[in-house]
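**Q** Shown below is the structure under consideration.
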Amino acid sequence: MKRNNIASLLDMKSRGEKISQVTCYDYSTARVMEEAGVNSILVGDSLGMTMQGYEDTLPVTMDDMIVYGRSVGRACKDTFIVIDMPFMSYQTSVVQAVENAGRIMKECRANAVKLEGGCAVCPQIEAIVACGIPVCAHIGMTPQSVNSFGGFKVQGKGEKEARRVLEDALAVEKAGAFMVVLECVPPKLAELITKKTKMITIGIGAGAGCDGQVLVYQDMLGLSDGFVPKFVKRFANIGQEMKLAVSEYDKEVKSGEFPSIEYTYSKSDCSDEFLAQLDSEYGEEDNTK
Ligand code: KIV
């Protein structure tokens, strides 16, 4: 059993210890995240934007989630892995939802699946949980519904909306979710939901009152381009570091400085005499053909 598992995470909530989650989509980055000590990795369908360059998450497929999810699964010995169910992989029917959740668990070695929506997806949550698959719900600003919202906007602002978000939270808890992502929800509402539920609340743009936090790693490490939401803190500027390193490489390759002798297998070369013999045996290559 992993060090971070459903029981240990629920214990953390009960002790008031904060839970760290970060998105990740590949093997080498997942190893870094695990070594850094995060409790959980979310293989989010945000990969459609961060890894595939789409403008939203809607084009992401189940096959995409499996490829990225598996790479993370192979890297993590102790980090709790949650994998997103992509747009239209669970909305059509309960059967579709259970089959796709099962595929994610079997093929990626995930620890839980995540799906977006409140009351509307409770039948799916109930059925998936009944199969022994832990579910993380996702309410508030749910990016797969960006077209219904008319953009990536804060949810739960007025009294009616705040009630709707709270009712969504209580409904997904009743359906069996053990964790819920609260995205772009006002902080006092997120705190109230955190107090009223036994589920672990993971906030993104939902203030400090949640049980844990998640950020998209390209945003927090300075690897994303374009608009950066207000809730993102840049913990490093890795994009700039990478650009400097790659432009140095580019210069050294073009000037011939790289690779210098220390980066070659010069001790394995045959004698100069033998290489001269090879040179004469094989004649001149005609590169004009
Ligand atoms: O897909 C994702 O990365 C997410 C987070 C933004 C919570 O759902």
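**Q** Return only the number of the condition from (1) in contact with a helix residue (DSSP H, G or I) (Cβ under 8 Å, 6 or more places away or on another chain); (2) of a type in the set (Gly, Ala, Ser); (3) more than 16 Å from the ligand (Cβ to nearest atom) that Gly37 does not satisfy.
**A** Here Gly37 clears every test but (1).
**Q** Across the stretch 113-160, what is the number of residues that are touching a strand residue (DSSP E or B) at 6+ places or on another chain (Cβ under 8 Å), within 22 Å of Ile41 (Cβ to Cβ) and either of a type in the set (S, T, N, Q) or away from the ligand (no atom under 13 Å from the Cβ) (or both)?
**A** So the count comes out to 8.
**Q** So the check is Cβ under 8 Å with 6+ separation or different chains; which pairs have a first residue in the stretch 177-202 that's closer than 14 Å to Val214 by Cα and a second one that's away from the ligand (no atom under 15 Å from the Cβ) and basic (Lys, Arg)?
**A** Pairs found: Ile200/Lys13.
**Q** Here are some residues: Asp84, Asp64, Asp78. Which one is over 26 Å from Met199 (Cα atoms) and among the charged types (D, E, K, R)?
**A** Values: Asp84 fails: over 26 Å from Met199 (Cα atoms); Asp78 fails: over 26 Å from Met199 (Cα atoms).
Every option except Asp64 fails the conditions.
**Q** Here is a further query. What number of residues within the stretch 199-221 are over 12 Å from the mean Cα position of the chain (by Cα), under 17 Å from Ile81 (Cβ atoms) and of a type in the set (A, V, I, L, M, F, W, C)?
**A** Within the stretch 199-221, residues that are over 12 Å from the mean Cα position of the chain (by Cα), under 17 Å from Ile81 (Cβ atoms) and of a type in the set (A, V, I, L, M, F, W, C) number 2.
**Q** While we're here: Out of Met88, Met1, which single residue is at pLDDT below 95, over 12 Å from the mean Cα position of the chain (by Cα) and among the hydrophobic types (A, V, I, L, M, F, W, C)? Spell out the reasoning first.
**A** Working: Met88 fails: at pLDDT below 95.
Selected residue: Met1, the only one of Met88, Met1 that is at pLDDT below 95, over 12 Å from the mean Cα position of the chain (by Cα) and among the hydrophobic types (A, V, I, L, M, F, W, C).
**Q** Separate question: Quick one: in the stretch 230-289, of everything that is of a type in the set (D, E, K, R) and in contact with a helix residue (DSSP H, G or I) (Cβ under 7 Å, 6 or more places away or on another chain), which residue is nearest to Gln213 (Cα to Cα)? Outline the logic, then answer.
**A** So the first thing to find is which residues in the stretch 230-289 are of a type in the set (D, E, K, R), and the list is 230, 233-234, 241, 243, 248, 250-252, 254, 257, 262, 267, 269, 272-273, 279, 281, 284-286, 289.
Right, trim to in contact with a helix residue (DSSP H, G or I) (Cβ under 7 Å, 6 or more places away or on another chain) and you get 233-234.
Numbers: Lys233: 12, Arg234: 14 Å.
Ranking the candidates gives Lys233 first.
**Q** Let me ask another. Only one residue in Val67, Val82, Val72 is under 16 Å from the mean Cα position of the chain (by Cα), under 16 Å from Ala30 (Cβ atoms) and surrounded by fewer than 17 Cβ atoms within 10 Å (Cβ to Cβ), so which one is that? Explain how you work it out, then say what you get.
**A** Working: Val82 fails: surrounded by fewer than 17 Cβ atoms within 10 Å (Cβ to Cβ); Val72 fails: surrounded by fewer than 17 Cβ atoms within 10 Å (Cβ to Cβ).
Result of the check over Val67, Val82, Val72: Val67.
**Q** Condition first: in contact (Cβ under 8 Å) with a residue 24 or more places away in the chain and either more than 28 Å from Lys77 (Cα to Cα) or in contact with a Ser or Thr (Cβ under 7 Å, 6 or more places away or on another chain) (or both). Now tell me which residues in the stretch 96-119 satisfy that.
**A** First pass over the stretch 96-119, keeping only residues in contact (Cβ under 8 Å) with a residue 24 or more places away in the chain: 97-98, 100-105, 107-119.
Passing the criteria: Asn100, Glu116, Gly117, Gly118, Cys119.
**Q** Evaluate the following for Gln91: is it away from the ligand (no atom under 15 Å from the Cβ), free of Cβ contacts under 8 Å to residues at least 60 places away in the same chain and assigned to a loop (DSSP other than H, G, I, E, B)?
**A** Taking the combined requirement at face value, the residue satisfies it.
**Q** With Asp225, Asp168 as the choices, which residue is more than 12 Å from the ligand (Cβ to nearest atom), more than 26 Å from Asn111 (Cα to Cα) and not β-branched (Val, Ile, Thr)?
**A** After applying the criteria, what remains is Asp225.
**Q** Now for a separate question. Going through Lys243, Lys233 one at a time, which residue ends up being within 16 Å of the ligand (Cβ to nearest atom) and loosely packed, with under 14 Cβ neighbours inside 10 Å?
**A** Working: Lys243 fails: within 16 Å of the ligand (Cβ to nearest atom).
Lys233 is the lone residue from the list that is within 16 Å of the ligand (Cβ to nearest atom) and loosely packed, with under 14 Cβ neighbours inside 10 Å.
The values are calculated or read from the model by the stated rules, or taken from the named source; none is laboratory data. Since the structure is predicted, the reported quantities are computational estimates derived from the model, not experimental observations. For neighbour counting, all protein chains shown are included, and Cβ atoms are generated from backbone atoms with ideal geometry for every residue, glycine included.
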